[in-house]
Amino acid sequence: MDSTTIDDLESAPETPLAAMKRSYNQLTPNRKIMLMVGIAAFVAIIIGSVIWSKEPEYRPLFSNLSDRDGGAVIEQLQKLNVPYKMAEGGGAILVPAESVYEARLKLASQGLPKGGAVGFDLMDNMKIGVTQFQENVAYQRALEGEITHTVEAISAVQSARVHLAMPKDTVFVREQTKPSASILVNLYPGRELDKLQIDGIVHLVASSVPDMPPSNVTIIDQNSNLLTADDKKNKFGLDSAEMEYLHGIEQTYVQRIENILQPITGDHNMRAQVAAELDFSEVEQTAESYRPNPTPDEAAVRSQQTSETLGDGAGAAGVPGALSNQPPGAATAPITVNNNKPGATPPIIPIHKEATTNYELDKTVSHVKKQVGTIKRLSVAVVVNNKMAKDKKGNTIYRPLTKEELTEVYNLTKEAMGFNALRGDTLNVVNAAFSSDTSADDVVFWKDPAMQEMAKDIVKYLLIAGLVLYLLLAVIKPAVYKMLGIPTEAEVLAAALETERLAEEERMAEEARVAEEERLSMEALAEERSEMPGGRAARVLGYEEELELFKQMVKDDPKIVATVIKDWVNKA
């Protein structure tokens, strides 16, 4: 086995680590310090970029906390090892998004935050010997707190504050006043209370306080907007509920027209507007009418009474007085024959008969209460865009609607709106070309919150990547190459250019040397021929030979001849 000599060890290739160590030892102390500072700064920037890119998104845990509740919440978050931040001047506590709900549940199990409003638990701390006034104040505070907690349970309400005005009891009926309530609600961003929710809060509060009418409850939001004025007239004498109902009726008809026409015209190719005239007057009407006297066969008998007097025809007669009461004398009248059998009763002859019949009156009584908000008149306007079509070359064009197509749109709109000529409804359908800025209602994509959030993330990661690449290529790579003794691309290019320049100078020097040698040889040849015997003819013959030789040299190597001539010109 061959032994390794010292020369072999010295000629062995140097490892990168050894080269770095050797290069580092060759640096001056100032350069060593600068290199270490640069490496430390690079590492710090990389670590900071990674931490920044991986920093969790913080969401509000609680906001608008009192100082006492805020301190208690922070103390519990520290015990739970949940990171937090303060925002809005200390009015909000932020925690990582993935820990919001877990932290709320853990804090709620400990009764945090307690909130600024207390409930009937305040009555548990009542001491013996308090005055009647203190009891009333404590009861009012407890009632306000309970109502506050109840209102805050609504999803759109972030926080609430309730003030109750409780009048003193009096025995005089005329001096009695009803209690009232004022409520301030702080709504979540982007949330609002509709009419039903506001009415629900009003009736909830009115039902929680004895003898409080719903009209004595006032609600405002955090922007000082009065929410309980919907049932009152505005300064123009219009009811907001009526205006809302009118707007709903108009939008309903617009939606019906769009639903029936959009399958034909396409999306964003038609517009419809409806103006409705409603009747909000409350009318109650009672009418009583009679028909002319009907015939007995058609009339209904209400009551019927008949009176009849019967007798035998031999009633009392004569002049009233004593003579009438005496028995009659002998009959002087001729004897009449009685055809009746002996002992028979004489026939009864009617003396008086009376009948009374009452018929029912044909009377009609009607009580009519007209519906509030009935439609008195509809005015509808519809504009339809030109129809998209293809020309002979296959290009997209927009052509006006034909008369048949416009008639079809008119008829469909007429049916959708429930056109009533007796009511005075009007309908106008127009075909016109839409301008480019109204052909679509597309939402601008850069206003989309999701797009904005994605753009922020992209910019953040691009900045991190650009910073890392700059440090790697402009700072770290040159420093490492210098320590390892590896030339950079700039140094390699400079060395290549210098080598090319030296090679060009060497080539030019070689060409000059060759030209000088050729010139010297030609001069020597000329001198040699001029010294040959033969006189002038010989010299002339030598000149012709030199000329031929020179011509041959020009053909063979024109560069050398050009160099020689250039040298001659420079010397002249």
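Structural remarks
- Accessible area (Å², 1.4 Å probe, nearest 10) - Glu284: 120 Å²
- Around the amide H of Met270, modelled in the peptide plane, lie the amide H atoms of Asn385, all under 5 Å away and 5 or more residues distant in sequence or on another chain.
- The heavy atoms of Asp221 offer some 10 square angstrom of accessible surface to a 1.4 angstrom probe.
- Rounded to whole numbers, the Karplus 3J(HN,Hα) couplings from phi for region 357-365 are 10, 10, 9, 5, 7, 7, 10, 10, 10 Hz, using 6.51 cos²θ - 1.76 cosθ + 1.60 with θ = phi - 60°, and x at Gly and Pro.
- Segment Gln285-Gln552, length gained on full extension (0.36 nm per residue, minus Cα span): 82.3 nm
- Residue order for Leu469, Leu361 - accessible surface, 1.4 angstrom probe, largest first: Leu361, Leu469
- Backbone geometry of region 391-397 corresponds, through the Karplus equation with coefficients 6.51, -1.76 and 1.60 at θ = phi - 60°, to 3J(HN,Hα) couplings of 8, 5, 8, x, 7, 7, 10 Hz, x marking Gly and Pro.
- Accessible-area ranking of Ser49, Ser289, Ser159, largest first, probe 1.4 Å: Ser289, Ser159, Ser49
- Listed residue pairs exceeding 27 Å between alpha carbons, taken from Lys21/Lys477; Lys106/Lys127; Lys85/Lys456: Lys106/Lys127
- Amide proton proximity set for Lys178, modelled H, under 5 Å, gap of 5+: none
- Legend: residue pairs Lys79/Lys460; Lys195/Lys376; Lys370/Lys414; Lys195/Lys369, Cα-Cα distance threshold 31 Å; pairs beyond threshold, Lys79/Lys460.
- Accessible area in the full protein assembly, largest first, 1.4 Å probe, for Phe172, Phe133: Phe133, Phe172
- For Arg59, the residues whose amide H sits under 5 Å from its own are Val95, Ala97, ignoring neighbours fewer than 5 places away on the same chain, with H placed 1.01 Å from N.
- Rh (Kirkwood; distinct C-alpha pairs) - region 247-292, Å: 14.1 Å
- Its Cα gyration tensor gives region 379-424 an equivalent ellipsoid. The semi-axes, each the square root of 5 times an eigenvalue, are 31, 9, 7 Å from largest down.
- If you look at the Cα atoms of region 127-280, you get an Rg and a Dmax of 22.4, 82 Å.
- Taking only the Cα atoms of region 142-229, the ratio Rg/Rh comes out at 1.01, with Rh defined as the Kirkwood radius.
- The charge dipole of region 146-216, taken about its Cα centre with unit charges on the Cβ of Lys, Arg, Asp and Glu (plus for the first two, minus for the last two), comes to roughly 140 debye.
- Solvent-accessible surface (1.4 angstrom probe) belonging to Ile45, in square angstrom, nearest 10: 60 Å²
The values are calculated or read from the model by the stated rules, or taken from the named source; none is laboratory data. None of the values given here were measured: they were computed from a predicted structure. Quick reminder, even Gly has a Cβ in these numbers, built from the backbone with ideal geometry, and neighbours come from all protein chains shown. SASA here: full protein model, heavy atoms, side chains in, ligands and nucleic acids out. Shrake-Rupley method; radii C 1.70, N 1.55, O 1.52, S 1.80 Å.
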